[in-house]
Amino acid sequence: MTAPLLAAPETLGLLPTSGELLSDLPVRPGHGIHAHREAVRRVLDGEDDRVLAVVGPCSIHDPEAGLEYARGLAAASARWTGDLLVVLRAYLEKPRSVVGWKGLVHDPALDGSGDVAEGLRLGREFLLDAADTGLPLAGEFVEPLVAPYLADLVSYGAIGARTVASQPHRQLASWLPMPVGLKNAVDGDVGVAVDAIRSAIARHVFPGVGHDGAPAVQQGAGNAQAHLILRGGTAGTNYDAESVGQALARLRAVGLPERVVVDASHGNSGKDHRRQPGVVADLAAQIAQGQRGLVGVMVESFLYEGRQDTAQRYGVSITDACLALPETVDVLDTLAAAVRARRG
Ligand SMILES: O=C[C@H](O)[C@H](O)COP(=O)(O)O
Ligand SMILES: C=C(OP(=O)(O)O)C(=O)O
């Protein structure tokens, strides 16, 4: 007896279909997802002169702490309503440079056991509860098969620096029903993200899995709000006025709308959360001086500052280091003041 040429990967457990999970845990009346997505679109398209502020933990590992944070941010956000459109980072998947914890959806027990069925349920419950705060939600999409289980609750999507060159992720962005930001690569390459935007705004046909669980040929019509996120990289930061100007020029050169969101964390902070306020102060100065192509800012923030390797301390990130919520309020005050100055 010869071994099969291709054995399927070992099955560790079964998943519900996305249709089943959506019907068990439906979007609640009052979540206002359509209105949130439209609000994000208006800011990106320059029809609303506020600045998008995508703010929250690097990752959600403890739904209780994540919700306490979401409620705190929602309460604070009332003060910036006229100047900022605050969106909660509700990140349930983490791309890894090599190996590591892949996020609540992939490993809710945080121990490598990988109970994805439980992760999807817990993750969706978290998004539903977080949406109850009234904040629009942001998420990075890492595993294309996971998106149909969660994307109906998301109003701002991101494709990260590690997947921006991947055709399946560009296809994913082409069908996702919310504006999607595509990040420059880990090495700082902006060109690959510009290519990704050109791909994401186009129609794609690709294999996928429907809400009924059946494999199917699917279509993405193209995401008109696909845009660039500058996140710095190993080659250096790219939040300064010259880098922002160069990025806008690259977009203009290929006929794309001149708009960027800048991530104050990751390569722009060297993963040192204490540098994020300085980055946002620089961005605020650009906005105050009239830069209209700078349409959004991303900040990594949690209940308490810093990070930890394992979940010992409540409300502290187990992935990248975050600013504490009170410092985040100061940072967003600075940004809101800059938006008012730009109007003036
Ligand atoms: O945003 C979080 C991390 O920067 C990202 O998941 C990569 O982390 P890693 O380089 O520690 O794997
Ligand atoms: C992983 C992230 O970012 P990046 O892709 O820029 O590293 C993130 O925003 O969580």
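The values are calculated or read from the model by the stated rules, or taken from the named source; none is laboratory data. Every value quoted in this text rests on a predicted model; they were computed, and no experiment measured them. Cβ placement follows ideal geometry from the backbone for every residue including glycine, while neighbour counts extend to all protein chains displayed.
Results, tabulated for the structure shown:
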{"item": "Looking only at the range 123-136, and only at residues there that are buried (at least 18 other Cβ atoms within 10 Å of the Cβ) and of a type in the set (A, V, I, L, M, F, W, C), the one that is nearest to L84 (Cα to Cα)", "result": "L135"}
{"item": "Enumeration of residues in the range 272-308 that are surrounded by 16 or more Cβ atoms within 10 Å (Cβ to Cβ) and in a loop (DSSP other than H, G, I, E, B)", "result": "Q291, G293, L303, Y304, E305"}
{"item": "Qualifying position, being of a type in the set (D, E, K, R) and either at pLDDT below 95 or away from ligand 1 (no atom under 16 Å from the Cβ) (or both), among R96, R89, R121", "result": "R121"}
{"item": "Condition met for L104 (part of a loop (DSSP other than H, G, I, E, B), crowded, with 23+ Cβ neighbours inside 10 Å, within 16 Å of ligand 1 (Cβ to nearest atom) and at pLDDT 95 or above)", "result": "yes"}
{"item": "Residue check, A109 away from ligand 1 (no atom under 16 Å from the Cβ), surrounded by fewer than 19 Cβ atoms within 10 Å (Cβ to Cβ) and more than 30 Å from Q171 (Cα to Cα)", "result": "yes"}
{"item": "Residue within the range 171-187 that is part of a helix (DSSP H, G or I), of a type outside the set (K, R) and over 29 Å from G32 (Cβ atoms) present", "result": "no"}
{"item": "In the range 16-72, the residues that are under 20 Å from the mean Cα position of the chain (by Cα), among the acidic types (D, E), within 25 Å of L228 (Cβ to Cβ) and outside any helix (DSSP H, G or I)", "result": "D45"}
{"item": "Pairs where the first residue, in the range 53-78, is within 23 Å of V43 (Cβ to Cβ) and the second is at pLDDT below 95, C-beta under 8 Å, 6+ apart", "result": "none"}
{"item": "Qualifying residue in the range 228-242 (condition: over 22 Å from A284 (Cα atoms) and within 16 Å of ligand 2 (Cβ to nearest atom))", "result": "yes"}
{"item": "Residues that are assigned to a strand (DSSP E or B) and either surrounded by fewer than 20 Cβ atoms within 10 Å (Cβ to Cβ) or out of contact with any Lys or Arg (no Cβ under 9 Å at 6 or more places or on another chain) (or both), drawn from the range 140-168", "result": "G157"}
{"item": "Breaking point among (1) within 16 Å of ligand 2 (Cβ to nearest atom); (2) out of contact with any Phe, Trp or Tyr (no Cβ under 7 Å at 6 or more places or on another chain); (3) not in a helix (DSSP H, G or I), for H211", "result": "(1)"}
{"item": "Residue match in the range 242-258 (condition: in contact (Cβ under 8 Å) with a residue 40 or more places away in the chain, surrounded by 20 or more Cβ atoms within 10 Å (Cβ to Cβ) and under 19 Å from V55 (Cβ atoms))", "result": "no"}
{"item": "Of residues in the range 309-320 being of a type in the set (S, T, N, Q) and part of a loop (DSSP other than H, G, I, E, B), the one farthest from ligand 2 (Cβ to nearest atom)", "result": "Q312"}
{"item": "Residue check for A39: more than 16 Å from ligand 1 (Cβ to nearest atom), touching a strand residue (DSSP E or B) at 6+ places or on another chain (Cβ under 7 Å) and aliphatic (A, V, I, L, M)", "result": "yes"}
{"item": "Test result for E64, of a type in the set (D, E) and within 12 Å of ligand 1 (Cβ to nearest atom)", "result": "no"}
